[in-house]
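The next block holds one structure in the form of structure tokens; read it before the comments.
The values are calculated or read from the model by the stated rules, or taken from the named source; none is laboratory data. Every value quoted in this text rests on a predicted model; they were computed, and no experiment measured them. Virtual Cβ from ideal backbone geometry, glycine too; neighbours counted across all protein chains shown. The area values use the complete protein model at the heavy-atom level, side chains included, leaving out ligands, DNA and RNA. Shrake-Rupley method; radii C 1.70, N 1.55, O 1.52, S 1.80 Å.
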Amino acid sequence: EDQVTQSPEALRLQEGESSSLNCSYTVSGLRGLFWYRQDPGKGPEFLFTLYSAGEEKEKERLKATLTKKESFLHITAPKPEDSATYLCAVPANSGYALNFGKGTSLLVTP
Amino acid sequence: SAVISQKPSRDICQRGTSLTIQCQVDSQVTMMFWYRQQPGQSLTLIATANQGSEATYESGFVIDKFPISRPNLTFSTLTVSNMSPEDSSIYLCSVVFSAGESYEQYFGPGTRLTVT
């Protein structure tokens, strides 16, 4: 069964302290790995889709990378407004619906 | 991308009643899904909302409990029937935009349901 595991469950950073979030996956034939940001009480906000090992995508202070077994979301010089839960997901079975990891709750303090 | 709206944004309902959640998209989409997010948990797929045919439900979810309608390519409803406190969750609709091998999935703002 396809699985997505995220670590750490929670991460507390000082403003400006760079770090990385991990998403490891076990799927047969990856058709995409998705990253989302979710603020409390809101729907997930789409960030990136990665399709092949070696691919990288960037958005402001976020950079997502992909290997054959895992993806990293690197956060460079984070600000308090980057505080949120970050979710990764992979397509379920052969369709387009997603299997989500449990997320990493990020808190950036001033 | 797309602008996705859901109604209501939140509701408090009594045990045994039903609530219908609406999802409206500002453009035509082929694929639309309904997810549930229980308190402190990640998202779980409930069903695929198929236009013109019955929804496709995931294991653990049944049509009698979560009937879904999809009358056209921009609108869907999810009903949570005979509610119990265990149904207290955020319910989210999502849509997929695809181009060749690549695709993106966008979510609505969610409906926060509390059952008392």
Legend entry - Looking only at the stretch B:85-101, and only at residues there that are within 8 Å of chain A (Cβ to nearest Cβ) and modelled with pLDDT under 95, the one that is farthest from B:Thr48 (Cα to Cα): B:Glu101
Inset, instruction - Taking the residues in the stretch A:86-110 that are hydroxyl-bearing (Ser, Thr, Tyr) and at pLDDT 95 or above as candidates, determine which candidate is most open to solvent (accessible area, probe 1.4 Å). - result: A:Ser105
Legend entry - In the stretch B:74-101, the residues that are crowded, with 20+ Cβ neighbours inside 10 Å and among the charged types (D, E, K, R): B:Asp87
Legend entry - Listing of strands (runs of 3 or more DSSP E) fully contained in the stretch A:1-81 that carry 3 or more residues being touching a residue at least 12 places away in the same chain (Cβ under 8 Å) and crowded, with 17+ Cβ neighbours inside 10 Å: A:19-26, A:33-38, A:45-50, A:62-66, A:70-75
Inset, instruction - Using the structure shown, decide if B:Ile46 is touching a residue at least 24 places away in the same chain (Cβ under 8 Å), within 14 Å of chain A (Cβ to nearest Cβ), more than 22 Å from A:Val4 (Cβ to Cβ) and open to solvent by less than 70 Å² (accessible area, probe 1.4 Å). - result: no
Legend entry - Residue check, B:Ser27 among the small types (Gly, Ala, Ser) and either in a strand (DSSP E or B) or more than 30 Å from A:Glu55 (Cβ to Cβ) (or both): no
